[in-house]
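What follows draws every value from the coordinates through simple rules; no lab data is involved. All values derive from a computational prediction rather than experimental measurement. Cβ coordinates were reconstructed from backbone atoms using ideal geometry, including for glycine residues, and neighbour counts include every protein chain displayed.
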Amino acid sequence: MEEQLKEIRRQLKKELDKNRYQHTTGVMYTASCLAMRYGSDMRKAMLAGLLHDCAKCMPGEKLLHLCRKQKIPIRDVERENPFLLHAKLGAYLAKTTYGVLDEEILHAIEVHTTGAPAMNLLDKIIFVSDYIEPNRDRAPNLTEIRTLAFERLDRAVFQILHDTMHYLNQKRGSIDSRTNETYQYYKELFNQ
Ligand code: DGI
Ligand code: FE
Ligand code: FE
């Protein structure tokens, strides 16, 4: 593995707890497999997978504080659920702390939690890898979604959004308007 990836892994091992680090490497390898399957840049997919949760182990207060300090806008839903900020702040740290300047990688990190309407290929690879990587075991329909991911990527994105909306509705979690917009977009794509 090339030096930049190795160095970032060393840094992340210190920043993240054990489970999150394992999840991170799981997403990195799953993203590289999906990149092979769909003809995307494997190195970019690995870097994005590796860094997507680089801000995840920070307490909510710290996420809010760092966003204020860096003048990253905080929306109401993010103030109420600060963990949502780990995606935006993750993209910021990927650039400033980990030295990744590629805009596509930063974008995939930024949208990995809520998704976005009309995601590009790398966005979708990271969004799906995050959900299906081998350490994940709680979500319903994982077996089907894992197969779907390698057959019909958009369909896997839609199924993940569908199941996430169901989960959030059940636990009465506040839904980010971006998650909803993404869901509506992929729902229409399949005329559901
Ligand atoms: O950071 P990870 O746990 O690896 O994965 P993630 O960044 O996709 O976060 C997953 C969680 O985010 C999952 O429990 C569903 C939740 N989530 C996704 N969209 C929304 C959301 N939670 C709230 N409250 N609102 C959303 O719109
Ligand atoms: Fe995340
Ligand atoms: Fe993740």
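What whole number of Å gives the distance from the Cα centroid of region 25-75 to the Cα centroid of region 165-192?
21 Å
Let's test the formula: R0 of 22 Å, r as the Cβ-Cβ distance of ASN120 and LYS62. What FRET efficiency results, to the nearest 0.05?
Computed FRET efficiency for ASN120 and LYS62: 0.15.
Work from the charge dipole of region 2-139 (Cβ charges, +1 for Lys and Arg, -1 for Asp and Glu, about the Cα centre) and give the residue of SER32, ILE74, PRO59 farthest towards its positive end.
PRO59
If packing is taken as the average count of other Cβ atoms within 10 Å, what order do 121-129, 2-10, 81-89 fall into, highest mean first?
121-129, 81-89, 2-10
Evaluate E = 1/(1 + (r/R0)^6) for GLU3 and ILE175, where r is the Cβ-Cβ distance and R0 equals 41 Å; express this FRET efficiency to the nearest 0.05.
0.50
Return the calculated 222 nm mean residue ellipticity for the chain, to the nearest 500 deg cm²/dmol, obtained by summing -39500 (n - 2.57) across DSSP H runs with n ≥ 4 and dividing by the residue count.
-21500 deg cm²/dmol
Find the Rg to Rh ratio for region 1-127, where Rh is the Kirkwood radius over alpha-carbon pairs and Rg uses the same atoms.
0.95
Report, in debye and to the nearest 20, how large the dipole of region 2-139 comes out about its Cα centre when Lys and Arg carry +1 and Asp and Glu carry -1 on their Cβ.
360 debye
Counting alpha carbon pairs within less than 8 Å and at least 6 residues apart, what relative contact order, in whole percent, applies to the chain?
20 percent
Contour minus end-to-end for ARG152 and ASP137, with contour as 0.36 nm per residue of separation and end-to-end as the Cα-Cα distance?
So the chain would gain 3.3 nm between ARG152 and ASP137.
With r as the distance between the Cβ atoms of GLN70 and GLU188 and R0 = 35 Å, compute the FRET efficiency 1/(1 + (r/R0)^6) and round to 0.05.
Working from the Cβ atoms, E equals 0.50.
If you add up the charges near ILE74, with Lys and Arg at +1 and Asp and Glu at -1, over every other residue whose beta carbon is less than 11 angstrom from its beta carbon, what do you get?
Local charge sum for ILE74: +2.
How do 153-161, 168-176, 32-40 rank on mean C-beta neighbours within 10 Å, highest first?
The peptides rank, most packed first, as 153-161, 32-40, 168-176.
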